[in-house]
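Q: Here you go, one structure.
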């Protein structure tokens with residue numbers, strides 16, 4: 001019996017600028033994706049509801065009728081599908097807001113399609129890895145932080161802590177490498193899945209968001225320590241000091 005052909009991965013693009021939307025669509029199709037277009041936020045929500053399955057959503061922040069942040073918020077009420085935000089604003093506040101609402105990544109205009117393609121592939125690979133059966137043990141504990149690799153849940157001081165998918169992957173990587181100095185380049189490569197770009201503050205924003213959720217006092221962190229000029233170190237309070 002012949003094998004069933006593998007389904008093309010489907011990406012919903014919500015972008016009100018027709019030339020840019022068409023360029024992204026053509027480029028994605030050339031890379032063997034199926035594309036669903038929406039010209040504004042309202043249509044994006046309608047198409048997301050009726051065009052399942054959808055493997056990823058690319059959202060422009062500034063759209064008529066319903067903006068990208070609102071679309072993201074509505075999607076997160078019903079789905080954990082990966083979402084990438086497109087923004088021409090380059091504002092740290094917009095980046096933080098996107099992460100707070102559950103975005104997996106953001107891309108600042110202008111950009112090259114090579115950059116977009118790399119990020120799409122990295123995110124989809126990460127989703128595939130997350131859906132694979134995890135190696136034992138599935139529970140990882142450091143101090144009073146506990147993560148369940150199978151259920152993708154986090155507990156801090158015994159209480160459930162909501163984190164976005166990218167925050168979960170960042171915390172898991174830190175906790176899997178305790179008491180080691182980890183550079184931004186390594187985090188960018190191993191967590192986000194592509195090579196480091198010196199101009200982005202994606203790592204800093206991710207660390208800041210994670211600290212706000214797991215630290216008693218984010219301005220004086222106990223766990224995620226900044227090592228000036230080198231990166232970050234996740235301190236394991238249960239580890240024995242080296243003699």
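Q: Please state which of the following conditions residue 189 fails to meet, knowing it meets all the rest: (1) surrounded by 15 or more Cβ atoms within 10 Å (Cβ to Cβ); (2) over 23 Å from residue 139 (Cα atoms).
A: (1)
Q: Exactly one condition in (1) surrounded by 18 or more Cβ atoms within 10 Å (Cβ to Cβ); (2) in contact (Cβ under 8 Å) with a residue 40 or more places away in the chain is not met by residue 21; state its number.
A: With (1) surrounded by 18 or more Cβ atoms within 10 Å (Cβ to Cβ); (2) in contact (Cβ under 8 Å) with a residue 40 or more places away in the chain applied to residue 21, the lone miss is (2).
Q: Then there's this: Any residue that is surrounded by fewer than 16 Cβ atoms within 10 Å (Cβ to Cβ), in the same structural domain as residue 127 (by TED's automatic domain parsing), in a strand (DSSP E or B) and in contact with a helix residue (DSSP H, G or I) (Cβ under 9 Å, 6 or more places away or on another chain) - is there at least one of those in region 44-67?
A: No, the conditions are met nowhere in region 44-67.
Q: Out of all the residues in region 68-85, is one or more more than 20 Å from residue 165 (Cα to Cα) and in contact with a strand residue (DSSP E or B) (Cβ under 8 Å, 6 or more places away or on another chain)? Before the answer, list the steps.
A: Going through region 68-85, the residues more than 20 Å from residue 165 (Cα to Cα) turn out to be none.
Checked region 68-85: no residue is more than 20 Å from residue 165 (Cα to Cα) and in contact with a strand residue (DSSP E or B) (Cβ under 8 Å, 6 or more places away or on another chain).
Q: Please work out if residue 96 is modelled with pLDDT under 90 and at negative phi.
A: Details: modelled with pLDDT under 90: yes; at negative phi: yes.
Yes; evaluated as a whole, the condition is true for this residue.
Q: Would you call residue 152 in contact (Cβ under 8 Å) with a residue 12 or more places away in the chain and either more than 26 Å from residue 111 (Cβ to Cβ) or touching a helix residue (DSSP H, G or I) at 6+ places or on another chain (Cβ under 7 Å) (or both)? Before you say what the answer is, go through the steps one by one.
A: On the way: in contact (Cβ under 8 Å) with a residue 12 or more places away in the chain: yes; either more than 26 Å from residue 111 (Cβ to Cβ) or touching a helix residue (DSSP H, G or I) at 6+ places or on another chain (Cβ under 7 Å) (or both): yes.
Considered against the rule, which asks whether it is in contact (Cβ under 8 Å) with a residue 12 or more places away in the chain and either more than 26 Å from residue 111 (Cβ to Cβ) or touching a helix residue (DSSP H, G or I) at 6+ places or on another chain (Cβ under 7 Å) (or both), residue 152 comes out as yes.
The values are calculated or read from the model by the stated rules, or taken from the named source; none is laboratory data. Nothing here was measured: the structure is a model prediction, and the numbers come from that model. Don't worry about glycine lacking a Cβ; one is built from the backbone with ideal geometry, like all the others, and counts go over all protein chains shown.
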